[in-house]
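Everything on this sheet refers to the single structure shown next.
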Amino acid sequence: MEVSIAAVSLKDWREIIKKAVEQAKRGDQQARKFLAEYLIGPPQQRLDVTSGGEKLKIEVEYVNSPIATPSLPSGTGEN
């Protein structure tokens, strides 16, 4: 990181950011992406690898528990 900081002066960096803002306001998609990633970080990847997009059904089985498993009332929509 020190090498990159030394390579660009604060004045130059301000000019780069100012230019990127101008370009982003004119609709430059790359400038908008650069500014967004610089200001708020890159987007987090969100990929569902567990269900293929289907709703997940969570089943809990109590084993050797002294507490009885509660039953769901009829008509809750659960199978």
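Results, tabulated for the structure shown:
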read-out	value
Single residue of region 3-33 satisfying the filter (surrounded by fewer than 10 Cβ atoms within 10 Å (Cβ to Cβ) and not in a helix (DSSP H, G or I)) that is nearest to the chain's Cα centre (by Cα)	G27
Selection within region 34-63 - surrounded by 11 or more Cβ atoms within 10 Å (Cβ to Cβ) and among the hydrophobic types (A, V, I, L, M, F, W, C)	F34, L35, A36
Residue within region 40-48 that is modelled with pLDDT under 75, of a type in the set (K, R) and part of a loop (DSSP other than H, G, I, E, B) present	yes
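The values are calculated or read from the model by the stated rules, or taken from the named source; none is laboratory data. Computed from a predicted model, the values in this text were never measured in an experiment. No Cβ is skipped: glycine too gets one built from the backbone with ideal geometry, and neighbour counts run over all protein chains shown.
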